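Report on the following structure.
The values are calculated or read from the model by the stated rules, or taken from the named source; none is laboratory data. Being a predicted model, the structure only gives us computed values, none of them experimental. Backbone-built Cβ (ideal geometry, glycine too); neighbour counts: all protein chains shown. SASA here: full protein model, heavy atoms, side chains in, ligands and nucleic acids out. Shrake-Rupley method; radii C 1.70, N 1.55, O 1.52, S 1.80 Å.
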2 protein chains.
Amino acid sequence: MASTLPPLVVTSVISEDAEHEGRTRKNTFENLERPGSVRIDVRGAFIVDEDAGSPPRTDSPQRTSAPDTKDIRLPHHKTAVSHIAVDIGGSLAKIVYFSRDPNGEGGKLNFKTFETEHIDDLLDFMDRLVNGEKGSGPTDLERHAQEGLYVMATGGGAYKFYDKIRARLGVEIYREDEMECLIVGLDFFITEIPEEVFAYSDENPMEFADARTDIYPYLLVNIGSGVSMIKVSGPQDFERIGGSSLGGGTLWGLLSLLTSAKSFDEMLSLAERGDNANVDMLVGDIYGSGYGRIGLKATTIASTFGKVFKQQKSSQVEEGKTPTPCGGHFAEEDISRSLLYAVSNNIGQIAYLQAQNHNLEHIYFGGSFIRGHRQTMNALSYAIRFWSKGRKQAYFLRHEGYLGAVGAFLRRQPRNWGRRNSAGEDMRGRRPSFTTEPGRGRRKSMVISG
Amino acid sequence: MASTLPPLVVTSVISEDAEHEGRTRKNTFENLERPGSVRIDVRGAFIVDEDAGSPPRTDSPQRTSAPDTKDIRLPHHKTAVSHIAVDIGGSLAKIVYFSRDPNGEGGKLNFKTFETEHIDDLLDFMDRLVNGEKGSGPTDLERHAQEGLYVMATGGGAYKFYDKIRARLGVEIYREDEMECLIVGLDFFITEIPEEVFAYSDENPMEFADARTDIYPYLLVNIGSGVSMIKVSGPQDFERIGGSSLGGGTLWGLLSLLTSAKSFDEMLSLAERGDNANVDMLVGDIYGSGYGRIGLKATTIASTFGKVFKQQKSSQVEEGKTPTPCGGHFAEEDISRSLLYAVSNNIGQIAYLQAQNHNLEHIYFGGSFIRGHRQTMNALSYAIRFWSKGRKQAYFLRHEGYLGAVGAFLRRQPRNWGRRNSAGEDMRGRRPSFTTEPGRGRRKSMVISG
């Protein structure tokens with residue numbers, strides 16, 4: 001993969017107070033403390049469809065397939081960007097960088113994911129971005145600093161692998177708080193990128209939400225290996241109100257033992273062909289019918305995996321399905337679907353309860369667990385609709401896995417950056433710039449994952 | 001097991017309006033509609049310790065081992081009881097019946113559990129109780145009705161196996177609503193049985209709660225194959241506010257595939273020897289340290305099973321532990337502990353959130369999942385303490401698995417039954433009798449399991 005990537009063009013260093021698009025801004029102490037960065041012109045930004053270099057038509061038919069993560073074209077941005085950003089999580093490392101178009105007409109934000117386990121692949125990739133295709137070996141930190149070249153890093157790996165990245169790339173690493181980056185990234189996607197945020201339903205798997213300026217307060221549910229739930233009251237006002245240890249890592253771990261799947265995509269593919277009723281105990285299995293008096297339908301899942309223990313030796317695998325490698329007589333397709341449902345439903349329920357406790361109407365789901373997978377989004381959406389009786393709304397993002405990486409990328413932006421700000425809109429009394437100063441987020445109570 | 005059981009003594013039929021202990025009560029239409037039952041004298045009732053026939057000393061040292069489910073002695077009850085009660089769940093069937101002491105000095109409530117899968121064992125047992133040790137074959141329903149002999153049944157199996165039980169035993173089966181029975185049973189245990197309800201902590205694994213009369217409102221979290229959460233505002237005022245499909249059935253099912261354990265007790269025994277840090281991803285695994293800024297300690301579980309996917313091929317099983325039969329290089333001890341924690345923590349968190357939403361301080365955990373197991377109670381207690389910052393309290397019961405069965409047993413009791421009522425206490429303005437009329441419970445909104 002690394003051999004085909006375009007080199008990051010680092011042609012000039014533009015200091016914080018440089019003029020851009022005819023506007024100037026005052027330098028600040030904060031800006032002087034750190035190496036320079038450039039302003040990114042996001043006017044006209046759009047998500048690149050695989051087979052189209054032009055903006056999507058607004059009258060285009062609704063997508064029926066799961067959305068892919070696409071690069072974001074910035075047709076008006078013409079200068080180089082002096083940094084790349086990486087969000088190193090427990091399972092996956094996400095990287096965001098800018099590359100100029102070969103024809104000089106703008107450029108694009110690129111998104112790549114690596115497995116954290118293969119940290120060296122990530123470092124190879126970053127090394128090529130920073131030091132060029134041939135790799136000049138460890139370079140002098142001071143030289144890169146003079147060039148304004150540096151790496152923004154967030155996620156736990158920014159701390160765990162700090163020394164390793166710094167030594168390998170020979171550039172300065174600026175670490176940013178994970179929760180702050182998630183918020184900055186999400187705010188950017190909500191407010192700046194058209195056709196990024198959508199609601200999911202079976203009938204309309206990608207109903208795009210209009211860009212909003214009055215986005216606060218909202219609940220961000222970030223599902224990676226584990227789950228974090230963050231109440232966001234403003235661009236610098238957030239609180240991690242909860243989480244769960246039952247996240248992507250749980251599903252991947254269980255299915256890596258219980259099925260032959262070697263990747264999460266294979267697991268999702270198994271789940272699509274499965275029938276969870278073969279392993280889950282439904283209300284109908286217990287009652288012989290529904291439990292109508294309290295509204296439990298016969299098809300309601302009473303107990304995830306509830307049929308497994310007692311049918312361990314008696315059940316047969318349906319034709320066309322594959323027995324689990326654990327020796328039980330259950331199909332790995334059915335197992336996959338059951339556990340995908342269970343993890344998704346559980347997160348959806350906890351998210352609803354947290355949103356209810358904190359009086360939040362809008363719930364955004366981010367993180368690498370979702371991957372645009374319809375069953376996952378359906379389960380999460382259904383849980384929110386069901387529990388809230390339709391009063392709360394689940395939103396998804398096409399770049400759901402990159403909130404933290406984009407947030408880290410943007411943390412090195414000057415103020416007054418962004419589409420509306422570029423257009424000179426008066427933001428007084430409205431949404432403040434989502435580009436927050438480091439360390440200014442208000443932290444309230446402390447809570448743990450699971 | 002069935003061959004050693006004492007026959008249920010059915011010597012007399014005492015009608016609802018019969019005199020007992022010098023008191024009389026007025027018959028009601030409800031009572032006349034159904035066959036007779038007897039009043040049970042619970043004065044001086046106590047839980048029978050295995051090696052003691054006498055009441056426990058009040059100054060006895062605190063128990064340090066997990067509590068067992070014990071029979072309840074009723075030293076003052078001298079007449080026979082004309083019914084038995086059964087609660088048939090998705091995985092387990094729980095039976096409660098009264099037997100007189102051979103020496104004529106009172107008798108006791110007996111508690112037995114069967115696997116629902118082996119319904120015929122349950123029916124054998126019930127048949128012997130109803131028809132005597134030698135079994136007279138299917139008997140005439142009318143004869144049993146005249147004798148006042150019948151079976152109270154609740155749980156899904158009361159519906160699913162209704163015809164089967166009725167045909168086999170030749171007695172009338174009275175079905176009672178599952179949620180109502182849970183409440184009636186719990187109210188009985190809270191208010192009538194000394195040393196039944198306790199709080200758990202590492203320092204004091206069984207701190208008995210004082211019997212209370214002002215018990216409402218409270219949250220009952222019943223953990224069987226699945227989980228039901230019921231808000232109880234009064235003896236006839238309850239609402240199933242939520243639940244989860246991640247319950248005992250999930251743990252038993254997963255561990256029956258992932259380990260060699262053949263019973264839940266074996267699974268719990270594995271869990272006791274395991275270290276979840278070998279399979280769970282801790283905050284320290286991601287950050288290299290804690291994430292102090294938001295209060296996540298290095299030892300906090302970030303992702304249950306989060307190490308499994310990426311270490312599938314690389315890790316080694318510690319000496320003295322057994323590899324999972326699934327081909328992964330993880331120990332079944334570690335797997336068991338991780339999943340026991342995960343299911344317990346998750347239920348604890350959802351219970352806290354529901355209690356918070358509904359402004360409930362007291363949370364009672366019932367159901368066959370708990371089994372007096374210390375790790376389970378510790379995880380549930382810890383979750384409630386942690387999330388509520390010590391403002392909510394988790395309670396457990398020594399007969400946690402028998403709430404529904406005892407509730408069904410008591411549904412055939414006349415009013416004014418019970419210890420305090422027996423003593424002629426004026427209940428006006430205080431707790432009403434917990435013996436509710438069938439079908440009078442107020443049902444509010446409808447919610448599902450998972």
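Data table
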{"read-out": "Residue match in region A:338-349 (condition: assigned to a helix (DSSP H, G or I), within 22 Å of B:G157 (Cβ to Cβ) and touching a strand residue (DSSP E or B) at 6+ places or on another chain (Cβ under 8 Å))", "value": "no"}
{"read-out": "Strands (runs of 3 or more DSSP E) fully within region A:202-252 counting 1 or more residues that are away from every other protein chain (no Cβ under 12 Å) and out of contact with any Gly (no Cβ under 8 Å at 6 or more places or on another chain)", "value": "A:218-223, A:227-234"}
{"read-out": "Restricting region A:152-166 to residues that are farther than 24 Å from A:Q236 by Cβ and either open to solvent by 40 Å² or more (accessible area, probe 1.4 Å) or not in a helix (DSSP H, G or I) (or both), the residue that is farthest from the other protein chains (Cβ to nearest Cβ)", "value": "A:R166"}
{"read-out": "Number of positions in region A:362-385 that are in contact (Cβ under 8 Å) with a residue 24 or more places away in the chain and part of a helix (DSSP H, G or I)", "value": "11"}
{"read-out": "Single unsatisfied condition, B:E319 versus (1) crowded, with 24+ Cβ neighbours inside 10 Å; (2) outside the structural domain of B:M267 (by the TED database)", "value": "(1)"}
{"read-out": "Subset of region B:280-293 that is touching a Gly at 6+ places or on another chain (Cβ under 8 Å) and not in a loop (DSSP other than H, G, I, E, B) - its residue that is farthest from the other protein chains (Cβ to nearest Cβ)", "value": "B:G284"}
{"read-out": "Residue satisfying condition, being open to solvent by less than 10 Å² (accessible area, probe 1.4 Å), touching an Asp or Glu at 6+ places or on another chain (Cβ under 8 Å) and either in contact (Cβ under 8 Å) with a residue 60 or more places away in the chain or at negative phi (or both), within set B:L182, B:L169", "value": "B:L169"}
{"read-out": "Test: residue in region B:253-266 that is of a type in the set (A, V, I, L, M) and more than 7 Å from chain A (Cβ to nearest Cβ)", "value": "yes"}
{"read-out": "Condition met for A:G288 (modelled with pLDDT under 85, more than 30 Å from A:D187 (Cα to Cα) and not assigned by the TED database to the domain that holds A:H373)", "value": "yes"}
{"read-out": "B:V308 within 7 Å of chain A (Cβ to nearest Cβ), at negative phi and surrounded by 19 or more Cβ atoms within 10 Å (Cβ to Cβ)", "value": "yes"}
{"read-out": "Index of the failed condition, B:A277 passing every other in (1) assigned to a helix (DSSP H, G or I); (2) closer than 23 Å to A:R240 by Cβ; (3) facing another protein chain (nearest Cβ under 9 Å); (4) open to solvent by 10 Å² or more (accessible area, probe 1.4 Å)", "value": "(3)"}
{"read-out": "From the options B:D163, B:D140, B:D202, B:D127, residue that is modelled with pLDDT of 90 or more and over 16 Å from the mean Cα position of the chain (by Cα)", "value": "B:D163"}
{"read-out": "Yes/no for B:R443 being farther than 16 Å from B:E196 by Cα, among the charged types (D, E, K, R) and at pLDDT below 90", "value": "yes"}
{"read-out": "Count of region B:338-362 residues which are open to solvent by 20 Å² or more (accessible area, probe 1.4 Å) and either within 12 Å of chain A (Cβ to nearest Cβ) or closer than 23 Å to A:N345 by Cα (or both)", "value": "7"}
{"read-out": "Subset tally (residues that are among the aliphatic types (A, V, I, L, M) and touching a residue at least 24 places away in the same chain (Cβ under 8 Å)) for region B:278-288", "value": "2"}
{"read-out": "Matching residues in region A:324-337 - criterion: being under 15 Å from A:G306 (Cα atoms) and at the interface with chain B (Cβ under 9 Å from one of its Cβ atoms)", "value": "A:G328, A:F330, A:I335"}
{"read-out": "Test: residue in region A:363-383 that is surrounded by fewer than 22 Cβ atoms within 10 Å (Cβ to Cβ), under 23 Å from A:G234 (Cβ atoms) and either more than 10 Å from chain B (Cβ to nearest Cβ) or of a type outside the set (S, T, N, Q) (or both)", "value": "no"}
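One line per residue, one yes/no per condition, for (1) modelled with pLDDT under 85; (2) open to solvent by less than 40 Å² (accessible area, probe 1.4 Å); (3) over 31 Å from the mean Cα position of the chain (by Cα):
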| position | (1), (2), (3) |
| --- | --- |
| B:L255 | no, yes, no |
| B:E272 | no, no, no |
| B:L282 | no, yes, yes |
| B:T300 | no, yes, no |
| B:T304 | no, yes, no |
